[in-house]
1. In sequence order, what are the phi-derived ³J(HN,Hα) couplings for the range 251-261 according to the Karplus relation 6.51 cos²θ - 1.76 cosθ + 1.60 with θ = phi - 60°, rounded to whole Hz, with x for glycine and proline?
2. Quick one: what are the phi-derived ³J(HN,Hα) couplings along the range 169-182, Karplus 6.51/-1.76/1.60 with θ = phi - 60°, whole Hz, x for glycine and proline?
3. Give me the lysines in straight-line cross-link reach of residue 90: C-alpha distance below 27 Å, same-chain residues under 8 apart excluded.
4. Over the range 193-333, what is the percentage of antiparallel beta bridges among all DSSP beta bridges, to the nearest 5?
5. For the range 1-55, run through the trypsin sites (Lys or Arg not before Pro) and keep only the ones in DSSP coil with at most 11 other Cβ atoms within 10 Å of their Cβ.
6. Starting from the amide H of residue 170, placed 1.01 Å from N in the peptide plane, find each other amide H under 5 Å away whose residue is 5 or more places distant or on another chain.
7. Calculate how steeply helix 88-100 sits against the longest principal axis of the alpha-carbon atoms of the chain, using the helix alpha-carbon long axis, and give the answer as 0 to 90 degrees to the nearest 10.
8. Between helix 17-49 and the chain, what is the angle of the helix's C-alpha long axis to the longest principal axis, kept within 0 to 90° and rounded to the nearest 10?
Amino acid sequence: MTKEVRTVEFVVLPTSKAKARKMFQIAGACRYVWNHFREKNLADYQAFVNGKGGRPRTSYFSLGVEFTRLRHETSWLRELPANPIKYTLKYFADALKEAMVGKKGFPKPRSRKRTTPGFTLPSKENFAIKKLDRKYSLLRVPLVGWVKMTRKGGNPYEDGTPKQVVLRHDGHRWRVFVFYEVEVARRPDDGEFLGVDMNVRQVATSDGHFYFLPDLEKKERRRKRYQRRMARQIKGSNRRKDTKKKLAKVSRKIANIRKNWVHKTTREVAERCGTIVVEDLKVKNMTASARGTVENPGKNVKQKTGLNREMLDTAFGELRRNLEYKCGRLIEVNPAYTSQTCSECGHTDRENRKSQARFLCVDCGFVSNADTNAAMNIRRLGMAQLHGEKRSGIKQTSKTREIDTRTPYG
């Protein structure tokens, strides 16, 4: 048994206007503190990047000292709970550190219209949770009081220890994410390997199973219709506000359907095998724009834009992240040539991939579904990597196998 952190999502039931107003005030204060410290550190960051100044202080402790001073100088901040607002600086400090080492740019400002309202209750001293029955629970928020929340199916980790709570408003209602520390029995290593190939709107496994993303075309058309309607309406009008609510509603439905599919797919895949092998996909690079520049414009820009949208809809990153904590062991391999290599004889040729769905080896005549063939190659690479084979990719010589699929490892 090992201790791990599991997240449970609840929905806050309608509460009094005073409590709702106070929760939005806390979220607004978090946004104000973020923007205040961003403006305060922007000049120091620019001087450091240009080599004209020293390294800015990026620790949560040093920012917390300045926050205490700011809170004493701002009367309305003293009327709100300190710890949830102060914890915003933990996120800001992490973002600032990534900017200092060049991983990301300087933290962007947070606006009232574009930023999702939310705040974090960082420790058990800042909240309390009571169970009413199997369906309902109570959460105590500082200076707000008790709010009622529910979750379909109940709380699967009610015996766990709640460590942190995040509240976020999705445009319709407040959602609560409770982080529980629970004891989990790790899946035993059964010696079986399963390759997983993630393609546009589907997932294929090396044993021939397919998982298709539900058809969202009807809801996507409805979302585009609301987007076009909003673009024609006058900003600030009541009709535009109504359209905005409808747009948010259909967008939530699309996101929930995708999230539900990701969880169900990864659970079924993880339950069938002890070791899962996936491709180490660079989704950010794969979905980069093809527009190019004015001097060197890109080609097939519209087609590439549609492909990028389909890849992002499939949620490659979420699939990998869910598999990582659900399966016994996750192995990532180099995706190069996995779709062009024959899983039967090892011959690599771009002509092997006759179409998007059909694979026909030009050397040995092996016929298979293209995604299943790729999943089998991914599985073999994972086996080679785990057993210490020094391979940088699939061998591209004919009639050569890295590890025979008839080994006792499955």
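1. 5, 5, 5, 4, 5, 5, 5, 5, 5, 5, 5
2. Couplings: 9, 9, x, 10, 7, 7, 10, 10, 10, 9, 9, 9, 8, 10 Hz.
3. Excluding near neighbours in sequence, the set is 3, 19, 22, 40, 52, 103, 104, 108, 113, 124, 163, 284.
4. Working: 8 of 16 bridges.
Percentage antiparallel, nearest 5: 50.
5. Working: sites: 3, 6, 17, 19, 21, 22, 31, 38, 40, 52; in loops: 52.
Here the sparse-neighbourhood loop sites are 52.
6. Those qualifying (amide H under 5 Å, at least 5 residues apart or on another chain) are 175.
7. 50
8. 70
Laboratory data are not the source of any read-out in this text; all were calculated from the coordinates shown. Values in this document were obtained by computation on a predicted structure and should not be read as measured data. Don't worry about glycine lacking a Cβ; one is built from the backbone with ideal geometry, like all the others, and counts go over all protein chains shown.
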